[in-house]
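A short write-up of the structure that comes next.
Just so it is clear, none of the values below were taken in a lab; they were calculated from the coordinates. From a predicted model like this one, the values you see are computed outputs, not experimental measurements. Please note: Cβ atoms are built from the backbone with ideal geometry, for glycine as well, and neighbour counts cover all protein chains shown.
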Ligand code: HEM
């Protein structure tokens with residue numbers, strides 16, 4: 001099944017990204033440091049979302065409107081006193097040319113709600129931020145996170161009609177992970 005193969009085939013790039021983010025998160029000492037982390041997610045996911053929205057609407061994914069958007073990241077940044085930076089564009093993003101690519105990139109974004117639980121717990125422990133301010137994005141869908149993930153995977157698995165389409169989706173998802181790593185490295189330079 002596509003979702004199982006996606007997990008397997010993108011594992012190396014997921015782990016590489018996770019490793020870099022864990023190092024970054026461990027060095028966060030102040031709300032300002034945390035805003036810098038939120039900006040990385042906002043600029044990359046926000047750029048992806050602009051491309052994805054050209055190919056996915058409620059017809060393709062009935063609960064699309066209810067899914068987490070980069071606006072939540074922008075709000076977290078503003079709540080902590082920051083200003084959202086310009087979103088990534090062009091060659092900093094993977095090519096999203098059709099619905100298959102859009103679902104593949106969305107797999108990466110939606111899957112990050114699972115790791116997000118770990119991120120929000122770490123940040124809440126490390127920073128003294130009142131009332132969970134700035135944590136809305138990483139809190140994902142709260143108690144509904146697993147159900148939302150299962151529902152997304154079900155729709156995802158219906159998308160590819162043959163092996164070529166499945167291979168294309170795996171390639172795009174893998175690139176989406178790898179290019180986030182490259183984007184973070186570029187912002188730190
Ligand atoms: C500190 C950073 C991260 C940690 C510790 C982390 C950890 C995890 C863990 C533990 C899971 C498995 C959860 C489960 O099966 O219930 C998971 C799944 C996933 N994460 Fe991450 N993650 C991190 C960052 C990210 C980021 C930034 C992205 C996307 C850009 C991402 C994308 C995914 C995806 C797509 C899955 C689903 C894998 C699958 O079952 O198909 N993760 N992550």
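Based on this model, can you work out whether residue 39 counts as closer than 21 Å to residue 134 by Cβ and without any contact (Cβ under 8 Å) to a residue 12 or more places away in the chain?
On the way: closer than 21 Å to residue 134 by Cβ: yes; without any contact (Cβ under 8 Å) to a residue 12 or more places away in the chain: no.
Here the answer is no, as residue 39 does not meet what is asked.
Specify the residue that is nearest to residue 62 (Cα to Cα); the eligible residues are those in segment 121-138 that are under 14 Å from the mean Cα position of the chain (by Cα) and within 14 Å of the ligand (Cβ to nearest atom).
The residue in question is 137.
Give the residues of segment 81-99 that are away from the ligand (no atom under 16 Å from the Cβ) and either surrounded by 18 or more Cβ atoms within 10 Å (Cβ to Cβ) or outside any loop (DSSP other than H, G, I, E, B) (or both), sorted by residue number.
If we filter segment 81-99 for residues that are away from the ligand (no atom under 16 Å from the Cβ), which is where we start, we get 81-86, 89-91, 95, 97-99.
Within segment 81-99, 82, 84, 90, 91, 99 meet the criteria.
Of these, 78, 119, 109, which one is assigned to a helix (DSSP H, G or I) and loosely packed, with under 15 Cβ neighbours inside 10 Å?
Step by step, each of 78, 119, 109 is checked, and only 78 is assigned to a helix (DSSP H, G or I) and loosely packed, with under 15 Cβ neighbours inside 10 Å.
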